Amino acid sequence: MVDHSGIKASEEDLIHQPIRAEITFKFASVPLPEEILVCTLPIWTMGTGTMEYFDEFGPRSKTVVEPQDLDTCCFAMNLQRMQKGTQPMHTLPKGFYCNEFLDLNPLDIQDLLDFQKKYGRITGARKRKPYDEDMHAVLRPEPDGDVFAGARERRHADQLSGIKASQALYDAVPNEEYVDTMLINQLSAVSFREAIATVLDAQAVVKDLLRVQREDLGPMTVLEALSAKEASEYLSIILGKAVPLIQLVTEGAEHKRFYDLIDGVFIQLARGLLNNNAYRTCANPECGRTFTPREMNRRLDTLYCCSACQERAKRLRYVNKHSK
Ligand SMILES: [Zn+2]
């Protein structure tokens with residue numbers, strides 16, 4: 001008789017074995033911008049009971065998202081607060097992808113809202129449609145089949161149902177009543193499920209790829225290498241869409257391109273990996289940022305992410321020494 005459980009256990013063991021060969025990145029030439037401009041739009045939340053997630057409306061009764069609100073509540077643009085003409089833009093901080101972005105807990109709606117207000121709007125893997133005469137069809141969110149090609153199945157399912165939920169919110173707005181601002185706001189709805197699934201998905205991609213260049217964690221396991229491979233395929237698909245290989249430019253004209261927040265995260269991630277040095281943690285005890293020296297334009301042997309941290313650590317050492 002074959003011992004099925006025995007076979008399963010040995011496969012489990014195998015997948016957690018360290019790999020002996022060295023794993024590195026090999027890049028094709030992709031024109032990755034160094035500075036990532038992101039548009040910051042006034043965003044708020046809509047849906048029954050959404051105020052219960054925020055301190056400013058009395059004591060918060062919900063701290064993390066409740067399952068029943070995932071599909072019926074959403075983040076939406078607030079047209080009343082929108083500026084006329086060009087919207088404000090900002091540059092993503094250096095190392096945003098492996099610090100602020102990984103620190104975000106998307107299940108905390110108050111944090112997720114503040115994050116989007118500060119850094120930019122989060123949408124899922126939506127289809128980018130060309131302009132067409134039927135604006136209703138152009139704006140209606142639809143999942144982008146290509147973008148799911150490299151993602152893992154469970155995350156694919158989460159993202160897909162998130163976008164479907166946004167679609168349902170969109171379809172709840174009657175077509176002929178575009179005059180009402182509240183209804184127009186609702187057309188920009190990104191369901192809680194869609195926004196959360198997007199963040200969790202992108203965070204996993206960042207973590208899986210950073211692992212390759214974390215020398216301090218020792219050799220990668222087979223499972224970690226497989227996850228990194230999937231994540232790199234997914235990253236390639238996103239970059240292929242976000243950064244065109246051929247661009248048409250007009251001489252003398254300045255081209256300020258801005259990016260979707262998640263695309264910006266992936267571009268920064270690719271640039272960080274391209275630097276091909278190991279990630280380290282800033283030795284200033286008050287900072288602790290993850291960085292690679294090259295992306296911060298620092299000496300390769302530095303322990304600090306920036307000169308301010310180096311100075312601060314020196315000062316702290318001095319204070320400690322003289323207070324004893
Ligand atoms: Zn630092």
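Here is the list for region 12-66: GluC sites (Glu not before Pro) lying in DSSP coil, each with at most 12 other C-beta atoms within 10 angstrom of its C-beta, are GLU22, GLU34, GLU35. Of the peptides 309-320, 261-272, 200-211, the order by per-residue mean of other Cβ atoms within 10 Å, starting with the highest, comes out as 261-272, 200-211, 309-320.
The C-alpha atoms of the chain define a longest principal axis, and helix 192-210 lies at about 20 degrees to it.
A simple packing score, the average count of other Cβ atoms within 10 Å per residue, orders the peptides 239-251, 160-172 as 160-172, 239-251, with the highest score first. Computed from Cα positions, the angle between helix 307-323 and the longest principal axis of the chain comes to roughly 60 degrees. Helical content of the chain, expressed as a calculated mean residue ellipticity at 222 nm, amounts to -12500 deg cm²/dmol (DSSP H runs of 4 or more residues, -39,500 (n - 2.57) each, divided by residue number, nearest 500). Per-residue extension of 0.36 nm, minus the Cα-Cα distance of ALA157 and THR281, leaves a gain of 41.2 nm for this segment.
The C-alpha atoms of the chain define a longest principal axis, and helix 153-171 lies at about 20 degrees to it.
Using a cutoff of 8 angstrom between alpha carbon atoms and counting only pairs six or more residues apart, the relative contact order for the chain works out to 23 percent. Between the C-alpha center of region 19-64 and that of region 212-284 there is a gap of 16 Å. With each label modelled as a point 7 angstrom along the Cα→C-beta vector, the THR48-HIS322 pair spans 6.4 nm.
Among rounded, prolate and oblate, which fits region 159-276 when a ≥ b ≥ c are the square roots of the eigenvalues of its C-alpha gyration tensor, a/c under 1.5 means rounded, and a/b larger than b/c means prolate? Oblate shape, in that a/c is at least 1.5 and b/c is the bigger or equal ratio.
Computed from the coordinates by the stated procedures, all read-outs in this text should not be read as laboratory data. On a predicted model such as this, the values are computed, not experimentally measured, just so you know. Quick reminder, even Gly has a Cβ in these numbers, built from the backbone with ideal geometry, and neighbours come from all protein chains shown.
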